[in-house]
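The values are calculated or read from the model by the stated rules, or taken from the named source; none is laboratory data. Just so it is clear, the structure is predicted and the values come from calculations on it, not from any experiment. For neighbour counting, all protein chains shown are included, and Cβ atoms are generated from backbone atoms with ideal geometry for every residue, glycine included. With ligands, DNA and RNA removed, areas are computed over all heavy atoms of the protein, side chains included. Shrake-Rupley method; radii C 1.70, N 1.55, O 1.52, S 1.80 Å.
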Amino acid sequence: MARQYSRRKRILVTGGAGFLGSHLCDRLIADGHEVLCVDNFFTGDKRNITHLFQHERFELLRHDITFPLFVEVDEIYNLACPASPIHYQHDPVQTTKTSVHGAINMLGLAKRLKAKILQASTSEVYGDPSVHPQTEDYWGHVNPIGPRSCYDEGKRCAETLFFDYRRQLGLQIKVARIFNTYGPRMHLADGRVVSNFIVQALKGEPITLYGDGKQTRSFCYADDLVDGLVRMMDSDNEVTGPINLGNPREYSMAELAERVIAGTGSKSALTYAPLPQDDPRQRQPDISRARELLGWRPTIELEEGLKRTIDYFKTMV
Ligand code: NAD
Ligand code: UDP
Ligand code: UDP
């Protein structure tokens, strides 16, 4: 059921035409808010938001957040940034600019408007973690000069900026550390593991396991994640995060491949390819903070989430 509001809010979603951003726009519209979606369409897709174009509370602005933005809103969700390794490594300098200059501009905007601002940070701030599962007080194990650094260090610097704008200027900030999330509207060719495996399975092509397939990830369904973001934005002022948001169930990539094969009924074989440089061996969120401070936990298990995602990709492949 939609939440009840004493006042409709004007909400900016940067990266709103992307995978997670478009689900967030849907949720905020359903909750009765006005949504301003800002996107430069680097990895976003108009088809993710076409159904909102005629909605009287939805507005789209093509804009790159590395440039200043002057609009009037009450809350800002800063999601703009390519998230898949293929995309963020395509133009690594632009990735860092988006994370860092983009954060400065959105924080400057929040400062002028005295608006609440939420940063979509990432489990990548933990790098290839030596603490498992990852708790928010773990500082991480990140290579500062490798191919993933543009994203990892960009997101780490963005977190620094958020906390300094709070300490120095009193901004109301929220930093969510998002772990691997999947669902409908993932970019067909973005190279992330869930979309890759499903597309390969549906096409009957070999499923590409990188390395030995024993590395692990924990997969959260998009709707669960979006609910966590909204709860975090609505939390008390002293709840700044960082807060991990993700599904603690951990799978090896080989197990994921099996589940995708079972879910699609595919006859695809497995094939092995080299492990990309600096690929984290394991990843699992400790979500105690999210449970305690937001009353949040994921509710959609992998089987159900995969089914919905496979149904979506069937319409796209
Ligand atoms: P996505 O690539 O689908 O969406 C990112 C959106 O940002 C796209 O629409 C893209 O066009 C837009 N964008 C990129 N650079 C921009 C710029 N300079 N100005 C304006 N728009 C720009 O990725 P996603 O999976 O939806 O991720 C959304 C956010 O969540 C990202 O910040 C990402 O780092 C974070 N995140 C996602 C995951 C995940 O598993 N999906 C995990 C951790 C963090
Ligand atoms: N900024 C923006 N929109 C605004 C206000 C500021 O894009 O409504 C940008 C501004 O161009 C600046 C950045 O945000 O580059 C940081 O703003 P801040 O006020 O913190 O810094 P200053 O302008 O003093 O350098
Ligand atoms: N991966 C894989 N086959 C693929 C794509 C990815 O085995 O076709 C692996 C990848 O090496 C990594 C995991 O799946 O260990 C998750 O990769 P993804 O790019 O989705 O996200 P991230 O590495 O950023 O968590």
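Of all residues being open to solvent by less than 30 Å² (accessible area, probe 1.4 Å) and of a type in the set (Ser, Thr, Tyr) in the range 265-317, which is nearest to the chain's Cα centre (by Cα)? Just the residue, please.
Thr309
Among the residues of the range 75-86, write down those that are within 16 Å of ligand 2 (Cβ to nearest atom) and touching an Asp or Glu at 6+ places or on another chain (Cβ under 9 Å).
Ala80
Scan the range 50-70 residue by residue and report those that are surrounded by 15 or more Cβ atoms within 10 Å (Cβ to Cβ) and within 13 Å of ligand 2 (Cβ to nearest atom).
At the first step, the residues of the range 50-70 found to be surrounded by 15 or more Cβ atoms within 10 Å (Cβ to Cβ) are 52, 57-60, 63-66, 69.
The answer is His63, Asp64, Ile65, Thr66, Leu69.
Residues that are closer than 19 Å to Gly18 by Cβ and open to solvent by less than 40 Å² (accessible area, probe 1.4 Å): does the range 127-137 have at least one? Explain how you work it out, then say what you get.
Looking only at the range 127-137, we keep the residues that are closer than 19 Å to Gly18 by Cβ, and these are none.
Taking every residue of the range 127-137 in turn, none turns out to be closer than 19 Å to Gly18 by Cβ and open to solvent by less than 40 Å² (accessible area, probe 1.4 Å).
If a residue has to be open to solvent by less than 10 Å² (accessible area, probe 1.4 Å) and touching a helix residue (DSSP H, G or I) at 6+ places or on another chain (Cβ under 9 Å) to count, how many in the range 225-246 make the cut?
Residues flagged as open to solvent by less than 10 Å² (accessible area, probe 1.4 Å) and touching a helix residue (DSSP H, G or I) at 6+ places or on another chain (Cβ under 9 Å) within the range 225-246 amount to 10.
Restricting attention to the range 147-154, does a residue exist that is within 14 Å of ligand 3 (Cβ to nearest atom) and in a loop (DSSP other than H, G, I, E, B)?
yes
Look through the range 109-124, keep the residues that are near ligand 2 (Cβ under 10 Å from one of its atoms) and hydrophobic (A, V, I, L, M, F, W, C), and return whichever of them is farthest from the chain's Cα centre (by Cα).
Step one: filter the range 109-124 for residues near ligand 2 (Cβ under 10 Å from one of its atoms), giving 109-113, 115.
Next cut, hydrophobic (A, V, I, L, M, F, W, C) only: 109-110, 113, 115.
Numbers: Leu109: 22, Ala110: 21, Leu113: 25, Ala115: 21 Å.
My answer is Leu113.
Return the residues of the range 24-51 that are closer than 17 Å to Val71 by Cβ and within 7 Å of ligand 1 (Cβ to nearest atom); say none if nothing qualifies.
If the condition is that a residue be closer than 17 Å to Val71 by Cβ and within 7 Å of ligand 1 (Cβ to nearest atom), then Val38, Asp39, Asn40 are the ones that fit.
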